[in-house]
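S.K.: Take a look at this one; I'll ask things after.
None of the figures in this text is laboratory data; all of them are computed from the coordinates on show. Every value quoted in this text rests on a predicted model; they were computed, and no experiment measured them. Counting neighbours? That spans all protein chains shown, and the Cβs are built from the backbone with ideal geometry, glycine included.
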Amino acid sequence: MDLRRHDFQLDELVERIKSNDHRLVALQVPEGLKIQALEMMDQIEDRSDAKVVLAADPCYGACDLVHDKMRMMGVELVAHMGHSQMNIDSGMQTQFIPVTYEGDPELDPILPIIAQHHTVAESRLEAIGKEVELDDSSARDHFLDAIGRIAPLTGTKLGLVGSIQHLHLLPEYKERLEKSGYVVEIPVGGDRLSFPGQVLGCNYSGDNPSIGHYLFLGSGDFHPIGLVLHTGKPLAMLDPYTGDATEMSLERIERILRQRSGLIMAVDGAVSFGILIGEKPGQMRRSLAIRMKRLLKKHGRKGYLLALDHVGPELIDFYPVDAFVNTACPRIAIDDSVRYAKPLITPFELEVALGEKEWEHGYQFDEIP
Ligand code: SF4
């Protein structure tokens, strides 16, 4: 990856600092771009009279806006880089700074994968149309999606999505894919998302039944895993950094689901739970945590509410409870549970374990709306 190809748009930030005569600004930079943070601080200080303090704690999303501690330090403005605004108010003035990557990968290598996924979507849609003629088990076989649901499907459109650095590519790629014969939608999600086609690790709200399969523009499998767990639909992946064309394999999703199922079984005899509440503004799900505590009580179990800014094994493993339920960033339970000594499950998984919900109706991804 060539970081120099990332384009930081600092002009608006510098203008805002100057016109408000800000003296102290906090800069928040995602982990992958921190290596360039000092360069950004130099640029801001050279172009304005403000001093810049780097908020150097880990930052993985706009859910994690720095707030009261920076205010106590006298910070007047937070410059948050590389993520977009979501439906939260941190209580601090914040300027979101877009970061785009200019890489423009070839579409050709991904086309065979998209064609194959389109066939899968067509056969699912066809089977749904013939639902009445099939017996129960063949109906299930025909239109179960990757996560075991009989999900409603009304079309086979190609959903075109990406992570934030690559969203500027979507309109042009849509045209190119349409020329290849696909009906393409860049889905528009809910309030947590700022742009058409945007996905977050905890929100895929643009999905709709007319989309039969997806193409994701971005790197890594963090967003793809969440997208398939949320939608159950086939997903092709094109990496603008490397040009690699791949897909999210069903085996990978099955492995994750087997692990989730194992964890649900593991909490069967658990009587005491730590319920994790995220202190970050965009991860705080206080009502959900309290609902989990009530649910545990209803089933004769005990829940302790534990509020944390960062969540890690060294911060919770030692508590004398049998298991943990996570209401902070959903991906802590999905991606990291192997790092913890005790079972770490999502709220949906707790509801399944307690018999309030049924796994048979398909896996339900823990989404923050
Ligand atoms: S809650 Fe987790 S997945 Fe969602 S934006 Fe924050 S870090 Fe990303």
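S.K.: Identify, please: which residue in the stretch 91-108 is under 20 Å from residue 244 (Cβ atoms) and not in a loop (DSSP other than H, G, I, E, B) and is, among those, farthest from the chain's Cα centre (by Cα)?
M.R.: Residues of the stretch 91-108 that are under 20 Å from residue 244 (Cβ atoms), as a first pass: 100-108.
Remaining after also requiring not in a loop (DSSP other than H, G, I, E, B): 100-101, 108.
Working: 100: 18, 101: 19, 108: 27 Å.
Among them, the one singled out is 108.
S.K.: Would you be able to tell me the number of residues in the stretch 312-355 that are away from the ligand (no atom under 16 Å from the Cβ) and part of a loop (DSSP other than H, G, I, E, B)?
M.R.: So the answer is 12.
S.K.: So which strands (runs of 3 or more DSSP E) are wholly in the stretch 1-59 and hold at least 3 residues that are within 26 Å of the chain's Cα centre (by Cα) and on the phi > 0 side of the Ramachandran plot?
M.R.: Values: elements: 6-8, 24-28, 51-54.
Filter on the stretch 1-59 gives an empty set.
S.K.: Continuing with the same structure: Could you grab me the full set of residues in the stretch 64-79 that are within 23 Å of the chain's Cα centre (by Cα) and in a loop (DSSP other than H, G, I, E, B)?
M.R.: 65, 66, 67 - these are the residues of the stretch 64-79 that are within 23 Å of the chain's Cα centre (by Cα) and in a loop (DSSP other than H, G, I, E, B).
S.K.: Show the residue pairs meeting these rules: Cβ distance below 9 Å; 6+ apart or different chains; first residue within the stretch 102-131 and over 20 Å from residue 231 (Cα atoms); second residue of a type in the set (Asp, Glu) and in a helix (DSSP H, G or I).
M.R.: Taking only residues 6 or more apart or on different chains, the pairs are 104/172.
S.K.: Look at residue 307 and say whether it is within 16 Å of the ligand (Cβ to nearest atom), assigned to a strand (DSSP E or B) and under 26 Å from the mean Cα position of the chain (by Cα). Give the derivation first.
M.R.: Values: within 16 Å of the ligand (Cβ to nearest atom): yes; assigned to a strand (DSSP E or B): yes; under 26 Å from the mean Cα position of the chain (by Cα): yes.
Criteria met by residue 307.
S.K.: Further, regarding this structure: Which of the residues spanning the stretch 262-285 are small (Gly, Ala, Ser), part of a loop (DSSP other than H, G, I, E, B) and in contact with a Pro (Cβ under 8 Å, 6 or more places away or on another chain)? Even if it seems obvious, please write down each step before you answer.
M.R.: Filtering the stretch 262-285 for residues small (Gly, Ala, Ser) gives 262, 266, 269-270, 272, 274, 278, 282.
Then drop every residue that is not part of a loop (DSSP other than H, G, I, E, B), which leaves 269-270, 282.
The one that is small (Gly, Ala, Ser), part of a loop (DSSP other than H, G, I, E, B) and in contact with a Pro (Cβ under 8 Å, 6 or more places away or on another chain): 270.
S.K.: Got at least one residue in the stretch 123-134 being in contact with a strand residue (DSSP E or B) (Cβ under 6 Å, 6 or more places away or on another chain) and under 20 Å from residue 248 (Cβ atoms)?
M.R.: Of the residues in the stretch 123-134, the ones in contact with a strand residue (DSSP E or B) (Cβ under 6 Å, 6 or more places away or on another chain) are none.
Looking for residues that are in contact with a strand residue (DSSP E or B) (Cβ under 6 Å, 6 or more places away or on another chain) and under 20 Å from residue 248 (Cβ atoms), one finds none in the stretch 123-134, hence no.
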